[in-house]
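What follows draws every value from the coordinates through simple rules; no lab data is involved. Predicted, not measured: the structure shown is a model, and the values here were computed from it. Using ideal geometry, Cβ is built from the backbone for each residue, glycine included, and neighbour counts are taken over all protein chains shown.
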Amino acid sequence: MSTALPDSLAEIRDDFHALGEKDRLQLLLEFSNELPELPPEHRDRTDLFERVEECQSPVFLLVDVRDGTVHVHATAPAESPTTRGFASILVQGLSGLSVDDVLAVPADFAFDLGLTSAVSPLRLRGMTGMLGRIQRQVREKSAA
Amino acid sequence: MTAPIDPDAKLQSYAHPERLVTTAWLEQNLRTPGLVIVECDEDVLLYETGHIPGAVKVDWHTELNDPVVRDYIDGAGFARLMSAKGIDRESTIVVYGDKSNWWAAYALWVFALFGHEDVRLLDGGRDRWIAEDRALTTEHPSPAPTDYPVVERHDDEIRAFKDDVLAHLGKPLIDVRSPEEYTGERTHMPAYPDEGALRGGHIPTARSVPWARAAAEDGTFRSAEELAAIYRDEAAIGEAEDVIAYCRIGERSSHTWFVLTHLLGVPRVRNYDGSWTEWGSAVRVPITTGAEPGELPAR
């Protein structure tokens, strides 16, 4: 299995790199504001969601694999816009991809966004944690 | 001291009431000359979503840390930062932030390393201000640069290093992390990224008092009486004059440092900012697991 960035994530990365540092934070804020709502069937099913312990704020993830296609759902509170932004990037960048494409995303993708000096490496670890958990769920749910 | 002291009755019960202001006082003093409001959050984007009018943002990760060495910025770096934020050496600084002022207390502690005299916390922090429906803005102020002097950082009084903690063993230590981190449960979870230290547990004899216990339900600090019951009685620091607090990287323990120093008036409190990410990975330092403080290691 090769490690390569799918087009959706490569596009997001390029969008960040095209901006100056201050504007990168604004773009992250836009992602945060655009975290998709949960589909109705998942709304009251907190039992299905996995908490991301690497994040200080309560972030919950749920991965669906249907016919080899991955769907990622996430919730994060409005008081945690950075974490919401990270979740939104992964939800939007990974949903609709194949199992193999999701598993091929490099584990350190978070550090590829050009945010290390604006956001700090420590905070990016939270996003790395999210990606690791998504990939683990994809592995578990596609094994059956 | 530039701005007047908040005369609020609750604040007067603390050892150093001049270190806190209420949201009502701050609202009345938004335009007081010489007062600079600083927002410092755990979440780096919160300030951008809206902040107290006139407040400048200081980010602990990117602005108070040295980018290479695991240390804080030096005197020249601090002077540059203060100048850029429009802060004079004589300014009254009011710091506030998210999560019951967790990171705001960290910033305040770093400002104290440089001996900035008048730094205060907003009791209840960002959440309280918002809960009370007070004004917010997304406008970024552009303060005029100041002539902040280059002052040397003084670590000795309020900062402990690993060797200081070893020498301190036997005197009160407070571990302010979550109970799971204290007992050492949170380490070996298969297929989960590691937590940043090689071993789980705590420093032998350290008492567990998770930092957020110092805050009441509304995010403001508990009363002096309640704080004394938690720290002096329950955590058994009694009338001790020398206490060290630690957490994972020293951020949560800054909050406890503030409580012990300024609210309870313990004469000497140091924050061990190396904290568990250093201690839990260091070679040949004693650690203990489980819910009990544990015995002092034989030397």
Hey, got the dipole for the range B:68-199? About the Cα centre, +1 on K and R Cβ, -1 on D and E Cβ, debye to the nearest 20?
160
Sequence-distant residues sharing a close amide H with B:S208 (under 5 Å, placed H)
B:D175
How would the range B:1-125 be classified by its alpha-carbon gyration tensor: rounded, prolate or oblate, with rounded meaning a/c under 1.5 and the a/b versus b/c comparison settling the rest?
prolate
Using 1/(1 + (r/R0)^6) with R0 = 56 angstrom and r between the beta carbons of B:T32 and B:R284, what's the FRET efficiency to the nearest 0.05?
0.60
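Given R₀ = 35 Å, FRET efficiency for A:R45-B:I130 by Cβ-Cβ distance, to 0.05?
Values: r = 30 Å, r/R0 = 0.85.
The formula returns an efficiency of 0.75 here.
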The protein assembly as shown: Kirkwood hydrodynamic radius (Cα pairs, Å) comes out at 23.2
Hey, rough spin-label estimate for B:V151 and B:D233, points 7 angstrom out along Cα→Cβ, what's it come to in nanometres?
3.8
Fewest-first ranking of B:K57, B:K85, using other Cβ atoms within 10 Å as the exposure measure
B:K57, B:K85
Roughly how many debye, to the nearest 20, is the charge dipole of the protein assembly as shown about its Cα centre, given +1 on each Lys and Arg Cβ, -1 on each Asp and Glu Cβ, and no other charges?
680
Do you know the relative contact order of the range B:207-299, to the nearest whole percent, from alpha carbon pairs under 8 angstrom that are 6+ apart?
25
Over the range B:1-100, what relative contact order in percent results from Cα pairs under 8 Å that are six or more residues apart?
36
Taking every residue of B:36-46, the Cβ atoms of other protein chains inside 10 Å of its Cβ average out to 5
Work out from phi, with θ = phi - 60° and the Karplus expression 6.51 cos²θ - 1.76 cosθ + 1.60, the ³J(HN,Hα) of each residue of the range A:83-93, listed in order in whole Hz, and give x for Gly and Pro.
4, 4, x, 4, 4, 5, 4, 6, 4, 6, x
Summarise the partner chain shielding of A:118-127 as one whole number: the mean count of Cβ atoms from other chains within 10 Å of each residue's Cβ.
3
Chain B, Rg to Rh (Cα coordinates; Rh as Kirkwood inverse mean 1/r)
0.97
Taking the simple approach of a point 7 Å from Cα along Cα-to-Cβ for both A:S142 and B:H140, what is their distance in nm?
4.0
Calc'd 3J(HN,Hα), the range B:7-17, phi into Karplus 6.51 cos²θ - 1.76 cosθ + 1.60 (θ = phi - 60°), Hz, glycine/Pro = x, comes to x, 3, 4, 4, 4, 5, 7, 8, 4, 10, x
Where a ≥ b ≥ c are root eigenvalues of the Cα gyration tensor, a/c under 1.5 meaning rounded, otherwise prolate if a/b exceeds b/c and oblate otherwise, the range B:185-299 counts as prolate
Can you tell which of B:V283, B:V56, B:V165 shows the greatest fluctuation in a Gaussian network model of chain B with Cα springs below 10 Å?
B:V283
To the nearest 0.05, the calculated FRET efficiency linking B:A298 and B:V69 through their beta-carbon distance, R0 being 41 Å, is 0.75
Estimated vicinal HN-Hα couplings, Hz - the range B:36-44 in sequence order (Karplus 6.51, -1.76, 1.60; Gly, Pro = x):
10, 9, 10, 9, 9, 10, 5, 8, 5
Going by how many other Cβ atoms sit within 10 Å of their own, how do B:C40, B:C247 line up, fewest first?
B:C247, B:C40
If the only charges are +1 at each Lys and Arg Cβ and -1 at each Asp and Glu Cβ, what is the size of the charge dipole of chain B around the Cα centre, to the nearest 20 debye?
400
